[in-house]
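Trainee: Here it is: the structure, laid out below.
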Amino acid sequence: ADPEGVRARDILRRSPADPAARQVMGRALLKNGRPGRATAYFLSVLQGEEAQVERWLDVARAFQADGQMQQAIAALEAGLRVDPQSLEGWLLYAELAQALGSADIAQEAAGVARQLAPDDPRASTYLPVSVPR
């Protein structure tokens with residue numbers, strides 16, 4: 001069993017509404033291949049904490065893992081409205097756009113990520129592929 005998940009479960013038994021424990025539990029569920037349950041935990045944490053970009057990113061990742069790409073993008077866009085300087089948000093946006101076949105949007109999002117962190121190599125994953133002639 002995941003030690004963080006066990007610790008979160010213990011905290012939730014004492015305080016079922018504890019947001020930090022619910023966040024850890026959601027991450028443990030996501031890590032263990034249960035994105036639907038993780039989404040429920042993340043959404044419960046999000047209520048009242050909409051101004052925290054990391055909350056939105058967790059929701060987006062859970063939707064992505066559950067194959068709900070449009071919901072993932074909607075959550076991600078909400079998170080980027082909260083913090084347009086979120087490197088992780090822009091990288092995830094590029095990943096989701098690429099997965100949906102929107103190469104132009106993926107490249108735009110990666111461009112923002114490169115502006116935010118020019119030395120971070122992750123954004124170069126979404127550079128256009130040049131075709132040899």
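The values are calculated or read from the model by the stated rules, or taken from the named source; none is laboratory data. Being a predicted model, the structure only gives us computed values, none of them experimental. Glycine also receives a Cβ, built like all others from the backbone with ideal geometry; neighbour counts cover every protein chain displayed.
Trainee: With the condition kept exactly as written, say whether any residue in the range 27-49 is in contact with a Phe, Trp or Tyr (Cβ under 8 Å, 6 or more places away or on another chain), at pLDDT below 90 and either in a helix (DSSP H, G or I) or over 22 Å from residue 122 (Cβ atoms) (or both).
Mentor: Looking through the range 27-49, at least one residue is in contact with a Phe, Trp or Tyr (Cβ under 8 Å, 6 or more places away or on another chain), at pLDDT below 90 and either in a helix (DSSP H, G or I) or over 22 Å from residue 122 (Cβ atoms) (or both).
Trainee: So in the range 78-131, with the set limited to residues that are among the acidic types (Asp, Glu) and part of a helix (DSSP H, G or I), which one is surrounded by the fewest Cβ atoms within 10 Å (Cβ to Cβ)? Steps first, please.
Mentor: Start the filter on the range 78-131 by keeping residues that are among the acidic types (Asp, Glu), which leaves 83, 88, 95, 104, 108, 119-120.
Now restrict to residues that are part of a helix (DSSP H, G or I): 88, 95, 104, 108.
Details: 88: 16, 95: 20, 104: 9, 108: 16.
Only one residue tops the list, namely 104.
Trainee: Scan (1) in contact (Cβ under 8 Å) with a residue 24 or more places away in the chain; (2) among the aliphatic types (A, V, I, L, M); (3) out of contact with any Pro (no Cβ under 6 Å at 6 or more places or on another chain) for the single condition residue 62 breaks and write down its number.
Mentor: Exception for residue 62: condition (3).
Trainee: Name the residues in the range 1-26 that are assigned to a helix (DSSP H, G or I), out of contact with any Leu (no Cβ under 6 Å at 6 or more places or on another chain) and among the small types (Gly, Ala, Ser), would you?
Mentor: 5, 8, 20, 26
Trainee: Can you confirm whether residue 41 is farther than 28 Å from residue 3 by Cβ, surrounded by 17 or more Cβ atoms within 10 Å (Cβ to Cβ) and in contact with a Leu (Cβ under 9 Å, 6 or more places away or on another chain)?
Mentor: No.
Trainee: For residue 22, indicate whether it is surrounded by 15 or more Cβ atoms within 10 Å (Cβ to Cβ), at pLDDT 90 or above and more than 24 Å from residue 94 (Cβ to Cβ). Walk me through it before giving the result.
Mentor: On the way: surrounded by 15 or more Cβ atoms within 10 Å (Cβ to Cβ): yes; at pLDDT 90 or above: no; more than 24 Å from residue 94 (Cβ to Cβ): yes.
Judged against the criteria, residue 22 is not a match.
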